[in-house]
Amino acid sequence: LMTVISVLITAIIYDFILAITVGIIVTVVDFLIKVSNFKVNAFTGEKTRSRTHRTIAEEKLLDDSMFELVILDISGFILFPVAEKLKDQVDEAVSSSCKYIIFDFHDVHYVDETGCLFISKILKQLRRSGLEPIITQQDFKNNPWLLNTEWEKLITEFPKHARFHALDDALLEVENKILEKCKSYPVSEDLL
């Protein structure tokens with residue numbers, strides 16, 4: 001929208017050739033700003049927990065096992081120049097002891113077609129290597145400009161039990177799986 005308005009104003013006030021030049025400059029600057037806003041913060045499950053109340057025994061089990069979880073807090077725009085950087089950061093964050101990995105796309109504002117392809121490849125590669133990827137994503141229905149068909153396809157093809165709208169729900173799912181795996185006590189089905 002900013003590019004279109006800049007081009008129209010320049011075309012009306014000056015001439016069409018200058019309007020094209022202004023349009024290209026505004027587009028390049030806008031693209032560079034979006035790429036520079038991309039960032040990934042990786043941290044283990046030991047640093048964050050769900051807001052669910054746990055017993056002392058459960059807390060102890062989780063304290064001993066949450067190193068199996070890596071959370072990738074991704075923000076900004078995932079465009080083709082940063083997709084390779086995302087893959088490198090995923091490889092760097094995942095350790096041999098990791099079993100679960102949460103991709104928190106809650107602060108991602110747009111993913112282009114190339115970004116979707118890279119994310120899809122990363123998720124498939126993680127599943128092949130025995131890891132369980134889980135994703136959280138913002139609800140794009142409130143802002144349909146951000147939704148594209150590739151992202152929608154990626155989300156709908158991802159298993160329903162491994163996608164959530166909030167990080168807390170994803171953390172709760174991983175914690176329950178870790179506790180079930182420990183088999184030290186029965187996990188209640190309606191655990192909140």
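The values are calculated or read from the model by the stated rules, or taken from the named source; none is laboratory data. All figures in this text were calculated on a predicted structure; none of them were measured in a lab. Here Cβ is always computed from backbone atoms with ideal geometry, including for glycine, and neighbour counts include all displayed protein chains. Only protein heavy atoms, including side chains, enter the accessible area calculation; ligands, DNA and RNA are left aside. Shrake-Rupley method; radii C 1.70, N 1.55, O 1.52, S 1.80 Å.
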Over the chain, what relative contact order in percent results from Cα pairs under 8 Å that are six or more residues apart?
19
So what is the calculated 222 nm ellipticity per residue for the chain, using -39500 (n - 2.57) for each DSSP H run with n of 4 or more, over all residues, to the nearest 500 deg cm²/dmol?
-16500 deg cm²/dmol
For the chain: accessible area per residue (Å², 1.4 Å)
59
Considering only DSSP beta bridges where both residues belong to the chain, give the percentage that are antiparallel (nearest 5).
25
As a test question: what accessible area, to the nearest 10 Å², does residue 64 have when a 1.4 Å probe is rolled over all protein chains in place?
80
Size of the dipole of region 1-67 about the Cα centre, Lys and Arg at +1 and Asp and Glu at -1 on the beta carbon, nothing else charged, in debye to 20?
140
Please compute the Kirkwood hydrodynamic radius over the chain, one decimal place, Å, based on all pairs of different Cα atoms.
18.8
Within the chain, what's the longest run with no trypsin sites (Lys or Arg not before Pro) in a DSSP loop and at most 15 other beta-carbon atoms within 10 Å? Give the range, please.
55-182
Near the amide H of residue 38, under 5 Å away, which other amide H atoms are found, from residues 5 or more places off or on another chain, if H is placed in the peptide plane?
77
At 1.4 Å probe size, with the rest of the protein present, what percent of the exposed accessible area of the chain is carbon and sulfur atoms?
60
Neighbour net charge for residue 81 - beta-carbon separation under 12 angstrom, K R +1, D E -1:
0
Which part of region 25-46 falls in the paramagnetic zone of residue 12, meaning amide N under 14 Å from the point 7 Å along Cα-to-beta-carbon?
none
